[in-house]
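Working notes for the structure below.
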Amino acid sequence: MTQFTKTIIASLFTFSAAGASAAAFQLAEGSTSGLGIAFSGNAAVADDATVVSTNPALMTKFNRIEVSGGGIVVNADVDVDGSFQGHRASQKNIIPTALVPNLYVVAPVNDRFSLGGGLNVNYGLKSKFDTDYTAGVYGGETDLTALNLNFSGAYKLGYGFSLGAGVNAVYADAKISRHLGAAGHGISALLNQKANQLSQAGATQQAAALRGVAQQVKNMPAETVVSEIKGDAWGAGWNLGLVYEINENNRLGFAYHSPVKLKFKGEYKNDFPVAYNAYLAQLAATGVALPITEATGGSYVNGRLNLTLPGFWEISGYHKLTEKLAAHYSYKRTDWSKLERLDAYSEKGNRLFSKEEHFTDSSRIALGFTYDVSEVLTLRTGLAYDESASINHPSISIPDTDRTWYSIGATYRFTPNFSTDIGYAHLRGSNNEFKEGSGVFKVKSKANLYGLNVNYKF
């Protein structure tokens, strides 16, 4: 398996917000009220209809229909500095600014039973390097959106307990592209070395043909597409929530969200001439390989790939300390360790690439406070710490790292029925230095998040 093959698979798992969100490719930005408290107490705080995306059991806290909609702008600043095959491989701002939208509704049926629905993006990324980036075989364009549609119900069991459950339909659309960069010179040298071995063995005709390929690869521009993958898929999952109200000022919450299996069907291509296919198997058998497993000459071939979005669980607490001040906290665990291996195949059943991943489970802890200044104004603040999931196989296309959240926010009620949430968070990622293939890289990341939601009660 080529190093590029490994890189493509790693890239497919790079759907993180590059240090701007939760670990690996998970997004935390489900609501603006949550943003203001660093999403602390997610499974126990019931400020608005956004509870649909966190803990459906909290819908029993509502006695009127409520709608909440808005979004969070993620402005990440992620810089890569490094070297690849003797060339500098640096680029700033690899994560474009993005909007993460959300829309939720909670509708009480009676004093014990409530229904709700929501639309949010809980996995996603768009990262982009220049097409002539030196280490283009490791970092190119990675674009994923996983849109989550949820329908939930909740019921008061009595004795302070409420139970909620929901079903999820997830639509995912993805595109990954990688370019040759400076890799052509190194590949050419390896091919010439193999040609010399063939010549010494008396296979002069084969050696001459291979030297021709080596020269062509050396002359290929940095922008040459070595792999482009695009496709979409639908998947289904479920979620479950439980709330225990100790009394009117204290409650605990637990939420679980199941894994979602996605079976992508799409297309794959590269810019290498199809004539190169005659050499790929022979070269791979001797340990020398082009950065492709199948040359398509710029034409797309059908392919398929299975990907599982990991499950996660969260436990939270909410405590009203005074008439105006409340504290809330969370511990969240995401089951990344189940994501061990990924294989992609062509329509004919040929394996285009394969990769061992071995992600590690990641934890998130958060603490926040809410203060009711008056009947019309509520202030929020929070602090959180996220663990990285890509410890075993870091990549410049996975600028995932441990990160700390510093958040503030507010809700202003224009009328008893109409309110708006604003929120801001600054994320600071730990500096990360690692080797990838023949490259050595340093990644620095930070981000600013700006949120706005509008809420209305009927």
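Computed quantities for the displayed model
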read-out	value
The chain: calculated mean residue ellipticity at 222 nm from DSSP helix runs of at least 4, using -39500 (n - 2.57)	-4000 deg cm²/dmol
Pairwise centroid distance, computed over Cα atoms, of region 425-454 with region 231-298, Å	22 Å
Ranked by how many other beta carbons lie within 10 Å on average, peptides 320-326, 77-83 from highest	77-83, 320-326
Computed magnitude of the charge dipole of the chain (debye, nearest 20; Cβ of K, R +1, Cβ of D, E -1)	520 debye
Pair ALA284, GLU267: separation of 7 Å Cα→Cβ label points (nm)	2.3 nm
Average Cα contact separation per residue, the chain, under 8 Å, 6 or more apart, as relative contact order %	21 percent
Inter-probe distance in nm under a simple model that places probes 7 Å from Cα toward Cβ, at GLN200 and PHE113	8.1 nm
Folded to 0 to 90 degrees: helix 3-12 orientation relative to the chain principal axis, Cα	20 degrees
Solvent-accessible area, 1.4 Å probe, carbon plus sulfur percent, for region 34-163	55 percent
Listed pairs LYS175/LYS261; LYS261/LYS442; LYS230/LYS332; LYS194/LYS442; LYS126/LYS263; LYS194/LYS218 exceeding 27 Å between Cα atoms	LYS261/LYS442; LYS230/LYS332; LYS194/LYS442
Loop-located GluC sites (Glu not before Pro) in region 229-296 whose Cβ has at most 15 other Cβ within 10 Å (DSSP)	GLU248
Per residue solvent-accessible surface (Å²) - the chain, probe of 1.4 Å	42 Å²
Dipole moment magnitude, nearest 20 debye, region 363-458 about Cα centre, only Lys, Arg, Asp, Glu C-beta charged	160 debye
Hull-based mean projected area of region 123-236, where the convex hull spans the alpha carbons, in square nanometres	11.7 nm²
Additional length obtainable on full extension of the chain from VAL454 to LYS348, 0.36 nm per residue less Cα span	33.2 nm
Listed residue (GLY241, TYR256, GLN197) projecting farthest to the positive dipole end of region 163-313, Cβ model	GLN197
For q = 0.10, 0.19 Å⁻¹, Debye-computed log10 I/I(0) when each Cα of region 196-306 counts as one equal scatterer	-0.53, -1.03
Sparsely packed trypsin sites (Lys or Arg not before Pro) within region 370-424, loop by DSSP, other Cβ within 10 Å at most 15	none
Pairwise label distance in nanometres, TYR300 with ASN277, each label 7 Å out on the Cα-Cβ vector	1.8 nm
Radius of gyration and maximum dimension Dmax of the chain, Cα, Å	25.1, 90
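The values are calculated or read from the model by the stated rules, or taken from the named source; none is laboratory data. On a predicted model such as this, the values are computed, not experimentally measured, just so you know. Here the Cβ is made from the backbone with ideal geometry for all residues, glycine too, and neighbour counts use every protein chain on show. Calculation scope for accessible area: heavy atoms of the full protein, side chains included, ligands and nucleic acids excluded. Shrake-Rupley method; radii C 1.70, N 1.55, O 1.52, S 1.80 Å.
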